[in-house]
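> Please see the structure below; I have some questions.
The values are calculated or read from the model by the stated rules, or taken from the named source; none is laboratory data. This structure is a prediction, so every number in the text was calculated from the model and none was measured. Using ideal geometry, Cβ is built from the backbone for each residue, glycine included, and neighbour counts are taken over all protein chains shown.
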Amino acid sequence: MAQFTATSAASQTPSILIETKPEEMSIVDVKTGPAAATFIAGGVGAAALGIIVPLSEAIPALKTWLTWNAGVGPLAGKTIIPSILFFVVWLVLGLMFRDKNVNLRTSLAVGFVGLFIGLLGTFPPFYDLFTAH
Amino acid sequence: MEVTSKELWTIIHGMGFGAIFLLAFAGGLAGLYSLRPELVTVAGIRERVRRLNVGMWVMAVVVWLTVITGTYIVYPWYRATPPKGVDLTNAAALVEYPRYFLLASHTTAEWHKFGMEWKEHVAWLAPIAATVVAFLVAYYGPRLAKHPEIRRAAMIFFAVAFLAAAAAGAFGAFITKAAPLH
């Protein structure tokens, strides 16, 4: 049993004893497949955003095509595509990996690399390097 | 004292949804960090997981609402084009057109070229990363306490969601100060 005793220098002040209960919880573990699907989907969605932004700067025709909403401009396509891709990849891999144990290290790597691409590709000084003049 | 509909939507987007996500982040991160068997009792794990589960899904929904309202309601007002014939170098004539107002002067142009351009794109990483975290908490539940690698990965995704939302939120506040929507 874990316990914590507080002592005081002044003898008049009583010490207190704080105890915590030792407990156990038994619970059936889950398969790693759905978690792996989620990490990969997150990475794919983020990477898609980080790729489509510089691409739309490099290819004016793509930028025009991505203008799915006159008020929002090309930002509409640039954000809808990665968002849909995230949910579609999540759904497809989630179904494929359901009830399976999958290597989490690989899926985590895909997730983290995707996040990095997403952060880099949406940073203006980076994607401006690709702007067509 | 009056709040126009444009101002109201700006408040809902930034000071409402956006602020809820940013303010809740610290609580979520602390909950994930402390979900370890050496730090909390079984009762503590159960209580934290219930709170984290509800909190993470609320945060994920709120951050989706933040980017959707920002992109599809507020942003079109920001980038509205002035009528033909308006002098695009005369800032005083462009106060109703924030994007063009900022671009009209070299002292404010970077608020759009860097600030708005970064904000409008990077913000969309936040809902994706936050949804990943919400699902992991819901799927693993108390098991997260025995899977430190998943918990650490969830914290990294959560931190990226926060950084993206914080960058967007900070520039949103600065740009609204420099070129308010009325």
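> Given the options B:Glu7, B:Glu2, B:Glu110, name the one that is away from chain A (no Cβ under 14 Å), under 21 Å from B:Lys177 (Cβ atoms) and surrounded by 13 or more Cβ atoms within 10 Å (Cβ to Cβ).
Within the list B:Glu7, B:Glu2, B:Glu110, the selection yields B:Glu7.
> Further, regarding this structure: Out of all the residues in the range B:86-98, which are in contact (Cβ under 8 Å) with a residue 24 or more places away in the chain and not in a loop (DSSP other than H, G, I, E, B)?
Across the range B:86-98, the qualifying residue is only B:Pro98.
> Which one of the conditions (1) within 22 Å of the chain's Cα centre (by Cα); (2) within 22 Å of B:Pro98 (Cβ to Cβ); (3) not small (Gly, Ala, Ser) does B:Val63 fail to meet, given that it meets all the rest?
(2)
> Let me ask something additional. Hey, can you tell me all the residues within the range B:29-42 that are aliphatic (A, V, I, L, M) and not in a helix (DSSP H, G or I)?
Residues satisfying the conditions are B:Leu35, B:Leu39, B:Val40.
> For residues in the range A:25-39 being touching a helix residue (DSSP H, G or I) at 6+ places or on another chain (Cβ under 7 Å) and surrounded by fewer than 24 Cβ atoms within 10 Å (Cβ to Cβ), which is farthest from the other protein chains (Cβ to nearest Cβ)?
The residue in question is A:Gly33.
> Please go through the range B:65-85 and pick out each residue that is out of contact with any Phe, Trp or Tyr (no Cβ under 6 Å at 6 or more places or on another chain) and at the interface with chain A (Cβ under 9 Å from one of its Cβ atoms).
Result: B:Thr71, B:Tyr72, B:Tyr75, B:Pro76, B:Trp77, B:Arg79.
> Report whether or not A:Val102 is closer than 24 Å to B:Ala166 by Cα and either in a loop (DSSP other than H, G, I, E, B) or free of Cβ contacts under 8 Å to residues at least 24 places away in the same chain (or both).
Taking the combined requirement at face value, the residue does not satisfy it.
> Take B:Ala168 and tell me if it is buried (at least 18 other Cβ atoms within 10 Å of the Cβ) and either aromatic (Phe, Trp, Tyr) or within 30 Å of B:Thr108 (Cβ to Cβ) (or both).
yes
> Can you tell me which residue within the range A:85-99, out of those that are assigned to a helix (DSSP H, G or I) and within 22 Å of A:Val28 (Cα to Cα), is nearest to the other protein chains (Cβ to nearest Cβ)?
Residue satisfying both the conditions and the ranking: A:Gly94.
> Hey, among A:Leu95, A:Leu91, A:Leu108, which residue is buried (at least 16 other Cβ atoms within 10 Å of the Cβ) and at pLDDT 95 or above?
A:Leu108
> Looking at the range B:29-38, can you tell me whether even one residue there is surrounded by 13 or more Cβ atoms within 10 Å (Cβ to Cβ) and under 19 Å from the mean Cα position of the chain (by Cα)?
Looking for residues that are surrounded by 13 or more Cβ atoms within 10 Å (Cβ to Cβ) and under 19 Å from the mean Cα position of the chain (by Cα), one finds at least one in the range B:29-38, hence yes.
> Just name the residue that is nearest to B:Leu8 (Cα to Cα) out of those in the range B:51-85 that are assigned to a loop (DSSP other than H, G, I, E, B) and in contact with a helix residue (DSSP H, G or I) (Cβ under 7 Å, 6 or more places away or on another chain).
Ranking the candidates gives B:Arg79 first.
> Further question: For B:Ile45, indicate whether it is more than 14 Å from B:Phe17 (Cα to Cα), assigned to a helix (DSSP H, G or I), within 14 Å of chain A (Cβ to nearest Cβ) and among the β-branched types (Val, Ile, Thr).
yes
> Residues in the range A:41-84 that are among the aliphatic types (A, V, I, L, M), surrounded by 16 or more Cβ atoms within 10 Å (Cβ to Cβ) and within 9 Å of chain B (Cβ to nearest Cβ): how many?
Residues flagged as among the aliphatic types (A, V, I, L, M), surrounded by 16 or more Cβ atoms within 10 Å (Cβ to Cβ) and within 9 Å of chain B (Cβ to nearest Cβ) within the range A:41-84 amount to 7.
> Taking the range A:105-132 on its own, how many of its residues are part of a helix (DSSP H, G or I) and within 11 Å of chain B (Cβ to nearest Cβ)?
19
> B:Pro142: in contact (Cβ under 8 Å) with a residue 60 or more places away in the chain, at the interface with another protein chain (Cβ under 8 Å from one of its Cβ atoms), farther than 25 Å from A:Ala109 by Cβ and out of contact with any strand residue (DSSP E or B) (no Cβ under 8 Å at 6 or more places or on another chain), yes or no?
yes
> Now, a different point. Take the range A:1-24 and flag every residue that is at pLDDT below 85, of a type in the set (Ser, Thr, Tyr) and surrounded by 10 or more Cβ atoms within 10 Å (Cβ to Cβ).
If the condition is that a residue be at pLDDT below 85, of a type in the set (Ser, Thr, Tyr) and surrounded by 10 or more Cβ atoms within 10 Å (Cβ to Cβ), then A:Ser8, A:Thr20 are the ones that fit.
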